[in-house]
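S.K.: What follows is a structure written as structure tokens; I'll ask about it next.
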Amino acid sequence: MAAPNRSLVEDYSRYLKAFELFLERSSEHQCMRDFIHNTLPNILATVGVGKSTLNVMGVGSGAGEIDLEILTQLHAKHPEARVENDVVEPSGDMLYKYKVLVAKTLGLDHISFRFNKMTAIEFESDWKQRNTDRKLDFIHMIQMLYYVNDPEATVSFFRSLLHKNGKLLVILVSGDSGWGGLWRRYRDQVHSRCVTTADIKSFLDAKGIHYESHVFASSMDITECFTAEDEKGELMLDFLTEVLEFTKNAYPELNSGVLELLKQPECSREVDGRVMFNNNMDAPPAGQSGWGRLWRTYRAQLCMSDISQCVTSGDVRNFLDAKGIPYQSHTLPSQMDITECFTAGDEKGELLLDFLTEVLEFSKNASPELKAGVLELLKHPECSREVDGRIIFNNNLEALVLTP
Ligand SMILES: C[S@@+](CC[C@H](N)C(=O)[O-])C[C@H]1O[C@@H](n2cnc3c(N)ncnc32)[C@H](O)[C@@H]1O
């Protein structure tokens with residue numbers, strides 16, 4: 001059955017009210033701040049090294065709170081650099097709030113702001129018309145890809161603007177979030193674009209585009225959705241389904257089906273009598289391990305045996321999603337010390353390399369290029385991190401639980 005007629009974004013002031021309520025009720029911005037303070041600095045340290053001016057762009061920046069946090073971290077890493085910051089945001093209200101925030105925030109003298117009141121696609125055609133060869137050092141699109149018609153084309157265009165050491169940060173809800181659960185079941189009946197990092201990951205993998213992934217946990221208290229005629233509950237239901245006045249406009253089966261699903265473990269859990277919707281995000285995708293990274297790069301060279309099919313939980317999730325099969329997902333953090341792999345002739349190191357690549361006597365039998373490439377990749381932050389001088393491989397697992 002088709003979606004009830006009107007999309008929430010058609011009534012922009014109601015959308016903004018719903019978004020503000022969502023921010024109030026969820027840990028979204030708090031967990032983003034944790035990510036920006038703890039993880040992003042290492043990413044920002046590698047962009048625009050040695051440049052006197054850094055070019056930054058936020059796409060769908062909203063009121064700019066998160067942008068300013070990012071710019072603060074960038075300044076800490078590159079204190080000498082000036083920053084030219086482009087903002088691409090179609091909402092006049094949001095841009096106004098962004099400008100007010102800039103005006104009252106101290107310490108932004110090194111930044112020039114350029115505000116583009118445009119959608120991503122309008123900005124793209126404007127950019128092409130201007131025929132500029134300007135390149136960007138850092139672009140972020142945080143929780144905005146839901147609003148474009150073709151998220152993959154949008155990612156491709158903005159990625160093409162990057163300087164050779166530039167980075168593009170995409171944050172979306174993860175495939176294993178409550179949003180993913182809701183969209184898998186009601187993709188055709190809600191107005192959301194239903195895009196999660198699982199979709200972006202499939203696209204990047206298919207194109208052989210490298211990426212790093214960071215998962216962060218977030219939740220949203222949706223308890224009032226289950227109280228009839230509660231104003232906030234109704235606003236949250238609009239935000240969750242992107243259907244304008246969902247309670248009034250959805251036909252009864254959709255209304256009761258969505259309410260029931262929102263309470264299921266696939267979407268929420270109960271904490272102290274409150275219903276907490278899983279708003280997990282990732283920058284992309286969930287459950288990405290060092291194995292996934294290794295296999296994406298060397299699938300053709302390494303995945304030749306009967307037992308090593310180079311399948312990650314992401315592949316299984318894509319298949320389940322495509323078939324519309326519901327499942328629950330749990331990330332199990334795990335790691336492996338592979339330091340000895342980097343000591344030539346070390347017996348344990350060689351055994352570990354055989355295990356990682358599933359090539360018998362990898363050190364002896366692999367071509368010099370493959371060996372050097374694998375060793376370099378295994379040290380890369382996408383596979384491992386250094387802890388007290390040891391190389392710790394990301395062995396994260398994801399448990400997918402299927403129901404009949
Ligand atoms: C969910 S908000 C996220 C705001 C901000 N990035 C944050 O995380 O707080 C989505 C933003 O994308 C903007 N937006 C909507 N459609 C867009 C489009 N087609 N192109 C660019 N931005 C868009 C909205 O106006 C809104 O400010």
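No value in this document is a laboratory result; all are computed from the given coordinates. Values in this document were obtained by computation on a predicted structure and should not be read as measured data. Counting neighbours? That spans all protein chains shown, and the Cβs are built from the backbone with ideal geometry, glycine included.
S.K.: Please compute the net charge surrounding TYR12, taking Lys and Arg as +1 and Asp and Glu as -1 over other residues with Cβ under 15 Å from its Cβ.
M.R.: -3
S.K.: In a shell of Cβ-Cβ distance under 10 Å around GLY58, excluding GLY58 itself, what net charge do Lys and Arg (+1) and Asp and Glu (-1) give?
M.R.: Overall, the nearby charge balance is -3.
S.K.: Residues in the range 2-45, backbone N under 18 Å from the label point at TYR251 (7 Å along the Cα-to-beta-carbon vector): list them, ranges by number please.
M.R.: 2-7
S.K.: Holding the Cα-Cα limit at 23 Å, pick out from LYS201/LYS232; LYS51/LYS117; LYS99/LYS128; LYS77/LYS371; LYS17/LYS99 the pairs that are longer than that.
M.R.: LYS201/LYS232; LYS51/LYS117; LYS99/LYS128; LYS77/LYS371
S.K.: Another question about this same structure. What share of Cα pairs, in percent, lie more than 21 angstrom apart in the range 8-219?
M.R.: That fraction is 55 percent.
S.K.: Here's a follow-up. Could you work out how far apart the two model spin labels at GLU229 and ARG390 are, taking each label as a point 7 Å from the Cα in the direction of the beta carbon, and quote it in nm?
M.R.: 6.2
S.K.: Would you mind calculating the gained length between LYS263 and SER125 on full extension (0.36 nm times residue separation, minus the Cα-Cα distance), in nm to one decimal?
M.R.: Residue separation times 0.36 nm, minus the Cα-Cα distance, leaves 45.4 nm.
S.K.: Could you tell me what a quarter of the Cα convex hull surface of the range 243-285 works out to, in nm² with one decimal place?
M.R.: Taking the Cα atoms of the range 243-285, their convex hull projects to 4.4 nm² on average.
S.K.: Any idea how far apart ASP354 and LYS164 come out in nm if each label point goes 7 Å out from Cα toward Cβ?
M.R.: 4.0
S.K.: For the range 137-179, take N as its residue count and report Rg(C-alpha) divided by 2.2 N^0.38 Å.
M.R.: 1.25
S.K.: Could you give the length gained by full extension between LYS135 and SER156, i.e. 0.36 nm per residue of separation minus their alpha carbon distance, to one decimal place?
M.R.: Full extension of this stretch gives 6.1 nm more.
S.K.: In whole Å, how far is the Cα centre of the range 111-131 from that of the range 1-62?
M.R.: For the range 111-131 versus the range 1-62, the Cα centre distance is 18 Å.
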